[in-house]
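A short worksheet on the structure shown next.
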Amino acid sequence: MAELLAICNEGAGGAGDRARAAAVDTLRAGGADVVEAPVGEKDLGEMLDAHRDHDVVVLGGDGTLHVVVTALHRRGELAARTVGLVPLGTGNDFARGLGLPLDPEVAARVVLAGRSTPLDLLVDDEGGVVVNAVHLGVGAEASEQAAPLKPRLGRLAYPAGALLAGVRSPGWRLRVTVDSRAHADGRPVLMAGVGNGVTIGGGTPLTPRARPDDGMVDVVVALTTGPLERLAYALRLRRGTHPGLRDVVTARGREVAVAGEPVPVNADGELTGRTARRRWTVMPAAWRMFT
């Protein structure tokens, strides 16, 4: 019998109590011994302490998954526990990139099947982690624009916010390096994205060819031009065809560094403030997920 600690996010934007209950019922019906726990950081630590022999199932979105993986990383337990995901958030981008089912009961059955896949993790120079993607500049501003639109538009709020931010933003002068090779050296940057997963904002393909299990991350840097070009970038970003634009630079590597003007940052869907310098390094096969 599988022993599972189900981390529930009651504030996840995409589903309600009925979906969470259906997923938990499916896990129990499949023979799993399930202990439910809230996502609050203090409670999470206490529950992980109390159930050290349990694998973990996240019932929530990308933000909840980020919190849980961060906690396991800081506790040194990523190698010891396999993580399952029942996507109940607004965007569910990491699940989409992995091809996990978005139906809660079907996702629960994936956990029960017990197929474990090793996945990469991004770790920054301040001890933070990134599971899916981090982006700087206009994308983070888009998240700010999207926040008040979510109650009405759901996952469509992000592309609407991206359009608004993409037209208005002047850009930031940044130096972006991938494995010590410069891809933007003090030029105005509209957006820089680092993708372990494929999409952000509920399906926007930031790094269309990224894979979370290949030991590398995909990087995209959009260099600021005129208002029409910024609008074209925002529209093509939604379709995943932005890498073909003349002023978009792409790269792949194991270490990415950004330095320059303070720029807003969004990591796994959460705004983390502005930074003038940050470095991310890939940890290959750092954790495992039921897929």
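Distance from the Cα centroid of the stretch 75-132 to that of the stretch 165-223 is 22 Å (rounded to whole angstrom). The phi torsions of the stretch 173-185, fed into the Karplus equation with coefficients 6.51, -1.76 and 1.60 and a -60° offset, translate into couplings of 7, 9, 10, 10, 10, 10, 6, 6, 9, 6, 10, 8, 10 Hz, rounded to whole numbers, with Gly and Pro shown as x. Distant-in-sequence amide contacts of Arg173, defined by a placed amide H-H separation under 5 Å and a gap of 5 or more residues or a different chain, comprise Val189, Glu261. Computed over the chain, the percent of Cα pairs more than 29 Å apart is 32.
If the elastic network links every pair of Cα atoms under 10 Å, which of Thr199, Thr275, Thr224 fluctuates the most in the Gaussian network model of the chain? It is Thr275. Calculated FRET efficiency, Asp247 to Met283, Cβ-Cβ distance, R0 = 51 Å: about 0.95 to the nearest 0.05.
Only alpha carbons enter this Debye calculation for the stretch 3-114, each as an equal point scatterer, and the log10 of I(q)/I(0) it gives at q = 0.23 Å⁻¹ is -1.38.
A short reminder: the numbers here are calculations on the coordinates, not readings from a lab. Predicted model, so just to flag it, every value in this text is computed and none were measured. Cβ sites come from the backbone with ideal geometry, for glycine too, and all protein chains shown count toward neighbours.
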